[in-house]
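The values are calculated or read from the model by the stated rules, or taken from the named source; none is laboratory data. Note that the structure is predicted; figures quoted are calculated from it, not measured. When we count neighbours, we look across all protein chains shown, and the Cβ atoms used for this are built from the backbone with ideal geometry, even at glycine.
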Amino acid sequence: MAQYDGKILMIDDEQDLLKLSSSILRREGFAVETRSDAREALSLLREESFDIILLDLHMPEMSGLEFLRQLNVRERPEEVLILTAYADLQSAVETVKLGAYGYLAKPFNAEEILSHIGNIRELQRLRAENERLRQAQGTGLGMVGETEQMRQIYRLVQDVAPTPLPVLICGESGTGKELVAAAIHRASDRAAGPFVRCNCAALNPGVLESELFGHVKGAFTSAVRDRKGRFMEADGGTLFLDEIGDMEVGLQTRLLRVLQEGEFEMVGSTETYKVDVRVLSATNRNLTQAVAAGQFREDLFYRLNAVTIDVPPLRQRKSDIPLFCHFFIDRLNDRFDKQIQGVSKEALEYLEAYDWPGNVREM
């Protein structure tokens, strides 16, 4: 019995793979078109739309990357799943930046491809169901703003959320970097899991190590019982490391190991623990300069910023200030049972003339 529905376009120069995969997908209820040449696929897409595009990354006449550049996928209704026999993280990052949903490594089996496609169809279903709510709430991501800078952030959040890629969120203090991280988590397939926060600047290195990795009883004087760390708490979900640029270099080495291998030891223990955690990080520092100064590990820097999102300060998006005013007024009306209708023209002009050094947090 068919389990799925939807239209799929599969583009791959391997004829045997096209035949086998399309047979599997049709058996599950999908309508499938296949093309072995990306240029022919582009011609087809000028006349027809699909729900999902399965795209080989490496093809002789036109690569998957070039296909995505010409397709302008962000303006299309389809989600694109990249198929590649190459464990090439950089190419995968480039496809995500161009709007791809994610990637699936070859060789894959029927269960793997159906799982990925099922996730995409569920995401599309949820997006359709929540469209009215998103219209009512502006972005639907828990953030406020209509400037082009913010719209670019919304697009990046939607593009990167379904992937496992680490994201580095940069911006001044108070710009809402944690809101961006929370939006990525909510839009990801980890949304049902925990979203755990840790401020790396608020604790000294010894305490931060215990906070992140946990400790066993007797690890130090005040360790009177075993205690889980943030990585264990975030297992199956997302860990947000705020002010990552303030982390001590020695502790950066331990963090790098978790990112590379997904394992660590609690403080005072030799037992190795495995976790499934997506790490999102944020900083108000210039990490490129910190790397050059020897204050931040270069390998950790490149591991953390597979994708970078820059959050602008409020002074660079003052046209969003009226939206913030309405947002905060609505919240305060609900909280204090008031009926404030808005802000006077004079008050708004005053707010827009101010530079907001503390950004949205100050407002």
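Here are a few things to note about the model shown:
- Taking the listed residues 105, 100, the one that is surrounded by fewer than 16 Cβ atoms within 10 Å (Cβ to Cβ) and hydrophobic (A, V, I, L, M, F, W, C) is 105, with no other qualifying.
- Exclusive hit being under 29 Å from the mean Cα position of the chain (by Cα) and more than 22 Å from residue 118 (Cα to Cα), set 66, 40, 47: 66
- Counting the residues of segment 336-363 that are modelled with pLDDT under 90, hydroxyl-bearing (Ser, Thr, Tyr) and in a helix (DSSP H, G or I) gives 0.
- Members of segment 245-280 that are touching a residue at least 40 places away in the same chain (Cβ under 8 Å) and more than 26 Å from the chain's Cα centre (by Cα): 250, 265, 266, 267, 268, 269
- Options 270, 288: the member that is assigned to a loop (DSSP other than H, G, I, E, B) and either on the phi < 0 side of the Ramachandran plot or surrounded by fewer than 15 Cβ atoms within 10 Å (Cβ to Cβ) (or both): 270
Quick grid of which residues meet (1) within 28 Å of residue 326 (Cα to Cα); (2) in contact with a Phe, Trp or Tyr (Cβ under 8 Å, 6 or more places away or on another chain); (3) in a loop (DSSP other than H, G, I, E, B):
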position	(1), (2), (3)
141	yes, yes, yes
144	yes, yes, yes
152	yes, no, no
157	yes, no, no
162	no, yes, yes
168	no, no, no
173	yes, no, yes
178	yes, yes, no
190	no, no, yes
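- Residue match in segment 32-52 (condition: of a type in the set (Phe, Trp, Tyr), outside any loop (DSSP other than H, G, I, E, B) and in the same structural domain as residue 101 (by TED's automatic domain parsing)): no
- Residues of segment 231-257 satisfying the condition of being crowded, with 20+ Cβ neighbours inside 10 Å, in a helix (DSSP H, G or I) and out of contact with any Lys or Arg (no Cβ under 6 Å at 6 or more places or on another chain): 231, 244, 255
- Annotation: residue 273 fulfils all but one of (1) at pLDDT below 90; (2) closer than 30 Å to residue 96 by Cβ; (3) not small (Gly, Ala, Ser); the unmet one is (1).
- Criterion: surrounded by 14 or more Cβ atoms within 10 Å (Cβ to Cβ), in contact (Cβ under 8 Å) with a residue 40 or more places away in the chain and within 30 Å of residue 154 (Cβ to Cβ) - qualifying residue of 78, 94, 28: 78
- Test: residue in segment 327-335 that is loosely packed, with under 14 Cβ neighbours inside 10 Å, in contact with a Lys or Arg (Cβ under 9 Å, 6 or more places away or on another chain) and either assigned to a helix (DSSP H, G or I) or touching a residue at least 60 places away in the same chain (Cβ under 8 Å) (or both): yes
- Count - residues of segment 164-182 that are surrounded by fewer than 23 Cβ atoms within 10 Å (Cβ to Cβ), touching a residue at least 40 places away in the same chain (Cβ under 8 Å) and touching a helix residue (DSSP H, G or I) at 6+ places or on another chain (Cβ under 9 Å): 7
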